[in-house]
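Asker: Before I ask anything, let me first share the structure, which is written out below as structure tokens.
The values are calculated or read from the model by the stated rules, or taken from the named source; none is laboratory data. Keep in mind the model is a prediction, meaning the values are calculated, not measured. Here the Cβ positions follow ideal geometry from the backbone for every residue, glycine too, while neighbour counts run over all protein chains shown. Heads up: the accessible areas ignore ligands, DNA and RNA and are worked out on the full protein's heavy atoms, side chains in. Shrake-Rupley method; radii C 1.70, N 1.55, O 1.52, S 1.80 Å.
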Amino acid sequence: LATAPVAGPPTSVDGFVKEFLRELNFGQGVTLAQSTVNDQYLALARTVRHYLMARWLETSRRQFEQQTKGVAYLSAEYLLGRQLGNALLATDLTEVVEDGLRSLGIDLATLRSQEVEPGLGNGGLGRLAACFIDSLATMGVPCIGYGIRYEYGIFRQTFVDDQQVEQPDGWLALGAPWEFPHPEQAQLIGFGGHTETYDDEGVTRTRWVPAWDVKALPYNYMVPGYLNGRVNTLRLWRAVATDAFDLKIFNAGDFEEAVRSQTFAENISKVLYPEDSTPQGKELRLQQQYFFVAASIKNFVYDVLPEGFDLHELPERIIFQLNDTHPVIGVPELMRVLVDEKKMDWDEAWAITKQCFAYTCHTLLPEALEVWSVDLLGRLLPRHLEIIYRINDEFLAEVREKFGDDELRIRRMSIIQEYPARAVRMAYLATVAGAKVNGVAELHSQLLREKVLPDFDEFYPGKFTNVTNGVTPRRFLRLANPALSELITETIGVGWITDLERLRELEPYAEDEEFRARFAAIKAHNKRRANAVLLERDGFTVPDDHMVDVMVKRLHEYKRQLLKVLHIVTLYDRIVSGEVAAADVTPRTFIFGAKAAAGYAMAKRIIHLINAVGSTVNADPRVEGRLKVLFPPNYNVTLAEKVIPAADLSEQISLAGKEASGTGNMKFALNGALTIGTDDGANVEIRELVGDENFFLFGMSEPEVQALQDAGYRPSAFYESDPTLRRAIDLIASGAFSGGDRSTFEPVVSNLLHQDRFMVLADFASYIAEQDRVDVAYGDQEQWTRSAILNVARTGFFSSDRSMVDYIDRIWHTPPVR
Ligand code: DL6
């Protein structure tokens, strides 16, 4: 197998049926007549796997043979979404499978809905990682994605009395047909203990003596390229105890104690931290980070590289891309491996390490920049702390050399923060060690350089760069929107699926009446399709003639779901107060999707408020047929694929300067929704590309935000001077949405009036005015559809394939494998 190309199974309908029945019989151990939907789904997944297997083996054989430079994408999160549809697309098997299953009386769509998506990520950052590995496979670039196989992914959200309740997400319970465990490639990962020096033939060396260790078991997943015969690998690590249990203690009858170490070890990969943009700073989290990064580096150095590989050539062979600061502990780990294990000279090792890492920052919120207390690090990873200290000493000596003894600057730039507690600034460590540092949209990269890391930008000219995020057109257009994909392909050919800029060729069709009619019919079709899903999972639907206005993303104050709520309350108030006749209001359904981190109290209150406003609005006959608020719980990739193609309006309303990029904004525009948004993150680039006339811009720009901040922001001043705003806030405060209870949302109201960190009140008037323009624009359906088509035609730039080209050109310099 290592040398011969492997033949795949037949791709005829008959061939497929045979393979499928074989899997059902021999894999699941059931006859067709006995089989459940889950049996059939598992058998189908395994059958499709067969079709990918030859390509997978062949891809890794060639990558090994050619030893070209590859990417090791280190990410604590991969928000993959369902696998089956993507695997069928990548192999062009959808029709064969559909026909084959039909001949057995089975509906492919039913089996597809049986799949539980692996929710191994929180939001944008994890989904971005999934898009990137898809693109790299499609472009034939060697890449291993490394991460954690969480037993429980992002929690399943339910609502009880309008409030979020988190349920565990046991995504593995019904079987995990896409994974390949490789226990024989397990790695031992140490923790705690102490370091000691010893004499190694006249050289004093250090070794780390960990106090305890866990085993990291790799689970491989296929990452199929689109119709190109390539399959890359995603390798996720699971933690297990080195000794499952202590038999002596077990025999003595203390069963709990006997398995204590097992439970302790397995906790490391038990559950995803459900935090987004607010890191936890918890010991288990650091354990997770070190666990997966150390296992990945060991795996690469000891198993992936050929025997006898000269580690001085490591930078020509691999780039470890750090997806935010979560994997940054990999920097001292590689140093430890090179210096302590491979006995390399420190300076040589550091020269190599600095070329092997690159760092992507995904935030601007100061509280989201990870720091680890020196106490904790020293206790859990004593050798790594020593290495970090030395890196810092040498770095600060260089700073002194360049800028003199400017103590303030030294303190500002030190990797070790002294106040309020001694801690390691992981973003600084990543910046010092990274060959390149990038932000994820033009504005974000600019602010990163100018505001977050200005000293470093000055010290390292040329180190900072930008790569604007992207989304995979396979999943988010071709799979999610089959009807639009068909129209596009019929109009401009299929090339757009791997060359999304070709969507530009659609531009002239915005003026074609027949094309517009078909485009509009597809939107209507997608709304019906979303309705069928919503009806089945949540029991509600969007009325036929409504504008579909969607805000789906993690719940965070900076994203400003509250601004959206104030808009809804304003529209509601206009009608019920008689200011506007219901008949004059554009019928709209507002769809929210948002999970709040379990420990983020304000975010959970906002979810409560959205649901409460929804309950009141939806039950009020005065606004019936005009306003509707839907909040399907448990928004995830699977739901996104149905809701986004149905949207007319995309809400991207964060305070300028706070959203690093956003990727939902790209998915909506690509699927023909118009955006109402601030000049923030990638919205800026979307607006520039689609044109001002096809984008609803509102709110302060980032410099205006800064100016208001500097002048002293007083939210109450806006409340006092804007009667519309006052009415909306007073209505919430009055208990109108909480059964008359004024206390329920008092914390939300009082936060808005007295703090309002993200300036909801300052942007309110501008938002309402722009929303009124949206209503007017929606009244002209022909023009609206023109704009929607132009949004699709002009947003090909946001393909993650383009992001990958930028990473390759600006950071990685990795060629595709022949
Ligand atoms: O880059 C992916 C994604 C961006 O699109 C979002 O704007 C940004 O909020 C998100 N960042 C995080 C930060 N988490 N941490 N650390 O999730 O990244």
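Asker: Quick one: dipole size for the chain, taken about the Cα centre, charges +1 on Lys/Arg Cβ and -1 on Asp/Glu Cβ, in debye to the nearest 20.
Answerer: Working: 85 positive and 114 negative charges, 218 e Å.
Charge dipole of the chain: 1040 debye, to the nearest 20.
Asker: So, one more: Once the Cα gyration tensor of the chain is diagonalised, what are the square roots of 5 times its eigenvalues, in whole Å and ordered largest first, as equivalent ellipsoid semi-axes? All intermediate terms of the calculation are to be shown ahead of the outcome.
Answerer: Working: eigenvalues 363, 242, 140 Å².
Gyration-tensor ellipsoid for the chain: 43, 35, 26 Å.
Asker: Could you compute the net charge surrounding LEU563? Neighbours are other residues with a C-beta less than 14 Å from the C-beta of LEU563; K and R count +1, D and E count -1.
Answerer: Working: positive: LYS553, LYS559, ARG560, LYS564, LYS658, ARG757; negative: ASP549, GLU557, GLU651, GLU659, ASP680, ASP722, ASP756, ASP763, GLU770.
Around LEU563, the surrounding residues sum to -3.
Asker: Assign one of three labels to the range 347-498, namely rounded, prolate or oblate, based on the Cα gyration tensor with a ≥ b ≥ c the square roots of its eigenvalues; rounded applies when a/c is under 1.5, prolate when it is not and a/b is larger than b/c, and oblate otherwise. Please report the intermediate quantities before stating the final value.
Answerer: Numbers: a/c = 2.64, a/b = 2.33, b/c = 1.14.
Prolate.
Asker: Next question, about the same structure. Along the charge dipole of the chain, pointing to its positive end and built from +1/-1 on Cβ of Lys, Arg, Asp and Glu, which listed residue (SER485, GLY105, SER135) has its Cα farthest out?
Answerer: Farthest towards the positive pole: GLY105.
Asker: To continue, here is another question. How much net charge surrounds ASP457 when only the other residues with a Cβ under 12 Å from the Cβ of ASP457 are counted, with Lys and Arg +1 and Asp and Glu -1?
Answerer: Details: positive: ARG449, LYS451, LYS463; negative: GLU450, ASP455, GLU458.
Net local charge, ASP457 excluded: 0.
Asker: Residues with amide H under 5 Å of ARG156's amide H, sequence separation 5 or more or different chain, H placed in the peptide plane at 1.01 Å from N; which?
Answerer: GLN167, ASP169
Asker: Another one. Long-range amide H contacts for GLY70: which residues qualify at under 5 Å (H placed 1.01 Å from N, peptide plane, sequence gap of 5 or more or a different chain)?
Answerer: ILE318, ILE319
Asker: Here's a follow-up. So which lysines pass the test for LYS282, namely a Cα distance under 16 Å, with those fewer than 8 places away in the same chain ruled out?
Answerer: Of all the lysines, those that pass the test against LYS282 - Cα under 16 Å, at least 8 places apart if same chain - are LYS270.
Asker: In the chain, if the dipole is taken from +1 on Lys/Arg beta carbons and -1 on Asp/Glu beta carbons about the Cα centre, which of PRO454, LEU689, VAL48 is farthest to the positive end?
Answerer: VAL48
Asker: With r defined as the distance between the Cβ atoms of GLU501 and ILE249 and R0 fixed at 60 Å, what FRET efficiency is calculated, to the nearest 0.05?
Answerer: Details: r = 64 Å, r/R0 = 1.06.
The value I calculate is 0.40.
Asker: Could you pull out the pairs from LYS559/LYS604; LYS564/LYS595; LYS527/LYS559 whose alpha carbons sit more than 18 Å apart here? Show your work: numbers first, answer last.
Answerer: Working: LYS559/LYS604 14 Å; LYS564/LYS595 16 Å; LYS527/LYS559 25 Å.
As for pairs spanning more than 18 Å Cα to Cα, those are LYS527/LYS559.
Asker: Contour minus end-to-end for ALA619 and ARG22, with contour as 0.36 nm per residue of separation and end-to-end as the Cα-Cα distance? Each step should come with its number before you reach the end.
Answerer: Details: separation 597, 0.36 × 597 = 214.92 nm, distance 5.30 nm.
Full extension of this stretch gives 209.6 nm more.
Asker: What share of the DSSP beta bridges in the chain is antiparallel, in percent to the nearest 5? Write down the numbers at each step before the final one.
Answerer: Values: 38 of 81 bridges.
Taking every DSSP beta bridge within the chain, about 45 percent pair in antiparallel fashion.
Asker: Return the sequence-ordered ³J(HN,Hα) values of the range 791-800 in whole Hz as given by the Karplus equation 6.51 cos²θ - 1.76 cosθ + 1.60 applied to θ = phi - 60°, using x for Gly and Pro.
Answerer: Working through the residues one at a time gives 4, 5, 5, 9, 10, x, 4, 8, 6, 5 Hz.
Asker: Roughly how many whole Å is it from the C-alpha centroid of the range 502-528 to that of the range 750-802?
Answerer: Cα centres, the range 502-528 to the range 750-802: 20 Å.
Asker: Quick check on the range 240-377: take the gyration tensor over C-alpha atoms, sort the square-rooted eigenvalues as a ≥ b ≥ c, and tell me if it's rounded (a/c under 1.5), prolate or oblate.
Answerer: Numbers: a/c = 2.59, a/b = 1.35, b/c = 1.92.
Oblate, since a/c reaches 1.5 and b/c is not below a/b.
Asker: Using the alpha-carbon centroid of each, what span in Å lies between the range 720-737 and the range 365-442?
Answerer: Computed from Cα coordinates, the inter-centre distance equals 46 Å.
Asker: List the GluC sites (Glu not before Pro) within the range 538-630 that DSSP assigns to loop and that have no more than 12 neighbouring Cβ atoms inside 10 Å.
Answerer: Details: sites: GLU557, GLU579, GLU624; in loops: GLU579, GLU624.
Passing both the DSSP loop test and the Cβ count: GLU579.
Asker: If you plug each phi of the range 446-460 into the Karplus form 6.51 cos²θ - 1.76 cosθ + 1.60 with θ = phi - 60°, what whole-Hz ³J(HN,Hα) values come out, in order, with x for Gly and Pro?
Answerer: 5, 5, 4, 5, 7, 10, 8, 10, x, 4, 6, 5, 5, 6, 10
Asker: Sticking with this one: Using a Förster distance of 41 Å, how high is the FRET efficiency between ARG102 and LEU172, based on the Cβ-Cβ distance and rounded to 0.05? Walk me through the numbers before you get to the answer.
Answerer: On the way: r = 30 Å, r/R0 = 0.72.
Plugging the Cβ-Cβ distance into 1/(1 + (r/R0)^6) gives 0.90.
Asker: Taking all protein chains as present, what is the carbon and sulfur share of the accessible area of the chain, in % to the nearest whole number, probe 1.4 Å?
Answerer: Details: 15500 of 30670 Å².
Taking all protein chains in place, the chain shows 51 percent carbon and sulfur surface.
Asker: What FRET efficiency, computed as 1/(1 + (r/R0)^6) with R0 = 41 Å and r the Cβ-Cβ distance, is obtained for ALA707 and VAL580, rounded to the nearest 0.05? Walk me through the intermediate numbers first.
Answerer: Values: r = 34 Å, r/R0 = 0.84.
The value I calculate is 0.75.
Asker: Still on this structure, I have one more. For the range 671-683, in order, what is each residue's ³J(HN,Hα) by Karplus, 6.51 cos²θ - 1.76 cosθ + 1.60 with θ = phi - 60°, in whole Hz (x at glycine and Pro)?
Answerer: My calculation for the range 671-683 gives 9, x, 9, 8, 9, 9, x, 8, 7, 9, x, 6, 3 Hz in order.
Asker: If you don't mind, another one. Is the shape of the range 571-716 best called rounded, prolate or oblate, per the rule: a/c under 1.5 gives rounded, else a/b larger than b/c gives prolate, else oblate, with a ≥ b ≥ c the square roots of the Cα gyration tensor eigenvalues? It would help to have the intermediate numbers written out before the result.
Answerer: Details: a/c = 1.37, a/b = 1.27, b/c = 1.08.
Cα axes put the range 571-716 in the rounded bin.
Asker: Hey, which lysines would be in cross-link range of LYS298, C-alpha to C-alpha under 18 Å, not counting anything within fewer than 8 residues on its own chain?
Answerer: Output for LYS298: LYS69, LYS215, LYS342, LYS343, LYS354.
Asker: Near the amide H of ARG742, under 5 Å away, which other amide H atoms are found, from residues 5 or more places off or on another chain, if H is placed in the peptide plane?
Answerer: Under 5 Å from the amide H of ARG742 lies no amide H from a residue far enough along the sequence or on another chain.
Asker: Determine the per residue accessible area of the range 665-732 with all protein chains present and a 1.4 angstrom probe, expressed in square angstrom. Intermediate values should be presented prior to the final figure.
Answerer: Working: 2530 Å² over 68 residues.
With the other protein chains kept in place, the range 665-732 gives 37 Å² per residue.
Asker: Separation between the ARG537 and GLU450 pseudo-spin-labels, each 7 Å from Cα along Cα→Cβ, expressed in nm?
Answerer: Modelled inter-label distance: 4.0 nm.
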